[in-house]
Amino acid sequence: MSQQSLTSDNTVSREEILEVANLARLGVDKNTAASYAADISKILKLMNTLGNVDTTDIKPLSNIHEACQDLRADIAKHDINRERNQSVAPAVEDGLYLVPQVIE
């Protein structure tokens, strides 16, 4: 399979699909190969169409939504109430949560 055949008319033949499948050790039958060839040819034609679009005055986007995510200020808050938080714990000792031993 030559690269020339792919770039000249943007089509892939059933034989090319079967050749690639053989090289990749994939079991592809002739009917499936024909379907793959048609699908890949459509994709290549679309890529060729997109490649011909004039993007001269188009700036690249870092985000397709052109939006900026607002982040909150990174400010430490000291509003943790240990007594209130530990009041619902099943077992607490000296300000620490007690958990059952899981490894013997």
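For VAL92, which sequence-distant residues (separation of 5 or more, or a different chain) have an amide H within less than 5 Å of its own amide H, given hydrogens modelled in the peptide plane?
It is LEU98, by chain and number.
Could you derive backbone 3J(HN,Hα) for segment 12-28 from the dihedral phi with the Karplus parameters 6.51, -1.76 and 1.60 (θ = phi - 60°), listing whole Hz in sequence and x where the residue is Gly or Pro?
Ordered by residue, 3J(HN,Hα) equals 10, 8, 4, 5, 5, 4, 5, 5, 5, 4, 5, 5, 8, 6, 9, x, 10 Hz.
Report, in cubic angstrom per residue, the convex hull volume of the C-alpha atoms of the chain.
Expressed per residue, the convex hull around the Cα atoms of the chain is 335 Å³.
Of the accessible area of the chain, with the probe set at 1.4 angstrom, what percent is carbon plus sulfur?
54
Over the chain, with the other protein chains present, what is the accessible area per residue in square angstrom, probe 1.4 angstrom?
Value for the chain: 94 Å² per residue.
Relative to the longest principal axis of the C-alpha atoms of the chain, give the angle of the C-alpha long axis of helix 30-51, reported between 0 and 90° and rounded to the nearest 10°.
Roughly 80 degrees, rounded to the nearest 10.
With a 1.4 Å probe and all protein chains kept in place, how much accessible area does LYS42 have, in Å² rounded to the nearest 10?
Result for LYS42: roughly 140 Å² accessible.
Pick out which of VAL88, VAL12, VAL20 has the largest mean-square fluctuation in a Gaussian network model of the chain, springs linking Cα atoms closer than 10 Å.
Maximum among the listed residues: VAL88.
The values are calculated or read from the model by the stated rules, or taken from the named source; none is laboratory data. Because the structure is a prediction, the values reported are computed rather than measured. To get the accessible areas, we keep the full protein, side chains included, count just its heavy atoms, and leave off ligands, DNA and RNA. Shrake-Rupley method; radii C 1.70, N 1.55, O 1.52, S 1.80 Å.
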